[in-house]
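The values are calculated or read from the model by the stated rules, or taken from the named source; none is laboratory data. The structure presented is a predicted model; accordingly, all values stated were derived computationally and were not measured. Neighbour counts run over all protein chains shown; Cβ positions are idealised from the backbone, glycine included. Ligands, DNA and RNA are stripped out before the accessible areas are found, and what is left, the full protein with its side chains, is counted by its heavy atoms. Shrake-Rupley method; radii C 1.70, N 1.55, O 1.52, S 1.80 Å.
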Amino acid sequence: MTNITTEPIYRRRISPLEGMFLHAPYSIVTMTARIKGSVTGKMLQDAVLKVRARHTNLRLKVEYDEGGDPWFTSQDVQDIPVEVIPRHDDQGWMEVIRQQTLIPFDFEIRPAIRFLLIQSSESSELVIFCHHLICDGLSLAYLARDLMTVLGDPGAELEILSDPDPIDRDNLPPGVKMNGLVNYFIERINKEWWEQKVHFGQEDYRALLEAYWSNFNHQMTLVEFTEEQTTTLVDRCKAEGVTVNSALTVGLAAAQISVQGLQPYHSDITIAGSLRDRLAQPAGESVGFFVGAVSPKFKHSPKPGFWENVRRFNKKVQPLYTNKNLFKDPLVWSYLDPGILESLSFKMIGGLVDASSPRADKLNSFGQREDVISSMIKREKMDSFENVLIGTAVTNLGRMDFPRKYGELELERLIMNPGGAYPLTFVNILAGAVTCSGKLSLMLEYATERIQTEIVFEIKDKLLSILLGV
């Protein structure tokens, strides 16, 4: 165990939004930095110590109070795992990510993050594998840059950031307030939950994780835009008066329709948006969860052409990026008991826990119990894994203005898997985009129970054809 700070013990209650991810086996975010140059395990170990000192959430574990409610604490926290794996080819890091999803986080022992270096003497991938409980995609982009800074200059001193305030009812922007009628129903939901409350812990999570990955298979395919292709796309979007995010979103929807034929869910789109600078106490570059979303309905029309569709979508979606829309769900969730959101994953997956598991009786019983949580699940149409709630879900970090060179090292590309709050089978295509070092990387993630790999490859090819004429 490494004592990295002499400051007073940090302790705070886990917020309802953070609780939504606690113990969810599918809520994993990864950021992969492709690095040109030699990076050793010792270099990475030293760099992790420095970034851990910079970011509060990298010094915390989960503990429970006498009532069974979860808190973050900095007391007696063990080291973050750092692993070095030999690099054999350009795709090996994706298999490493797939294997890591099967390994549970030790929430009650150490921070919910791991660092993996897929290493060769000339080129390596640095994978930051993190649970959504303590991060979002932008967190890991900043963290990758911080690591590169220290890897390139081991003597560099990083600014220690202040403790970030989570998204909760005390940290909402001015004007974002709870409706009295909605609050009345939330109080009723909370009261019903308190009468039926179930607490979950590490062993429950381990059983849930095994059940989830025994029943569902996530796969991914990467679209690596060259610098020239990225510039071409950006220039075309500027000429059309639209954002790259709008072009990617409509392109993905159009490609799915072209390959799969028009399906009802293709018009259901969700786009993540950062809340960092909108909070009463802005989060800045801190590691943490600071994300909202907008969910426009959009029917793609084949007649006017692709770019006309993009202009229509861009015109529709841009006015939605307001505090009222982005905080619509976080506002409601902030008033719920944290255990309600945490229990959603157990309600959806608990019935899949194998009878041989020591936790089977508890989790099967909870998964099958009719209660306020099951009512919420049904209302959101998440009571059947056959339902497709979102056709295209997009998280685009945009252009990260990071240096390319860090001493003798070069950051060639960043690649993101954005993770999610719900089982991936509810989504047709999940896309994570980030532009760094002049190159756009687009990761497409999907559940094979929902969509076949061959179909996704066709969608990928069609997307490139639509965007670039490739």
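Could you grab the pairs with beta carbons closer than 8 Å, sequence gap of 6+ or different chains, first residue in the stretch 176-198 and in contact (Cβ under 8 Å) with a residue 60 or more places away in the chain, second one in a helix (DSSP H, G or I) and open to solvent by 100 Å² or more (accessible area, probe 1.4 Å)? Correct list of pairs: 176/324.
Would you check if there is a residue in the stretch 335-349 being at positive phi and modelled with pLDDT under 95? Looking for residues that are at positive phi and modelled with pLDDT under 95, one finds none in the stretch 335-349, hence no.
Those residues that are within 27 Å of residue 412 (Cα to Cα), within 25 Å of the chain's Cα centre (by Cα) and assigned to a helix (DSSP H, G or I), I need them from the stretch 214-232; list them, please.
Across the stretch 214-232, the qualifying residue is only 230.
Annotation note: Cβ proximity below 7 Å between a residue of the stretch 350-361 that is outside any helix (DSSP H, G or I) and a residue that is open to solvent by 40 Å² or more (accessible area, probe 1.4 Å) (sequence gap 6+ or interchain) occurs for 353/359; 359/203.
Among the residues of the stretch 66-76, write down those that are open to solvent by 10 Å² or more (accessible area, probe 1.4 Å) and modelled with pLDDT of 95 or more. Break it down into steps so the answer makes sense when it comes.
So the first thing to find is which residues in the stretch 66-76 are open to solvent by 10 Å² or more (accessible area, probe 1.4 Å), and the list is 66-71, 74-76.
Result: 70, 71, 74, 75, 76.
Could you count how many residues in the stretch 424-441 are part of a strand (DSSP E or B) and either in contact with a helix residue (DSSP H, G or I) (Cβ under 7 Å, 6 or more places away or on another chain) or closer than 21 Å to residue 21 by Cα (or both)? Please lay out each step first, then the result.
In the first step, residues of the stretch 424-441 are kept if they are part of a strand (DSSP E or B); the result is 427-436, 439-441.
Okay, now just the ones that are also either in contact with a helix residue (DSSP H, G or I) (Cβ under 7 Å, 6 or more places away or on another chain) or closer than 21 Å to residue 21 by Cα (or both), so 427-435, 439-440.
Count: 11.
With respect to residue 391, determine if the residue is buried (at least 17 other Cβ atoms within 10 Å of the Cβ), small (Gly, Ala, Ser) and modelled with pLDDT of 95 or more.
Details: buried (at least 17 other Cβ atoms within 10 Å of the Cβ): yes; small (Gly, Ala, Ser): yes; modelled with pLDDT of 95 or more: yes.
For residue 391, the condition - buried (at least 17 other Cβ atoms within 10 Å of the Cβ), small (Gly, Ala, Ser) and modelled with pLDDT of 95 or more - is met.
Exactly one residue among 167, 189 is of a type in the set (A, V, I, L, M), farther than 30 Å from residue 45 by Cβ, open to solvent by less than 10 Å² (accessible area, probe 1.4 Å) and modelled with pLDDT of 95 or more, and that residue is 167. Residues being more than 24 Å from residue 464 (Cβ to Cβ), open to solvent by less than 50 Å² (accessible area, probe 1.4 Å) and more than 18 Å from the chain's Cα centre (by Cα) are entirely absent from the stretch 414-424. For the stretch 84-126, filtered to residues that are assigned to a strand (DSSP E or B) and either closer than 22 Å to residue 290 by Cβ or not hydrophobic (A, V, I, L, M, F, W, C) (or both), the residue that is most open to solvent (accessible area, probe 1.4 Å) is 86.
Only one of the listed residues (253, 272, 211) is closer than 30 Å to residue 176 by Cβ, in a helix (DSSP H, G or I) and either at pLDDT 95 or above or of a type outside the set (Asp, Glu) (or both). That residue is 253.
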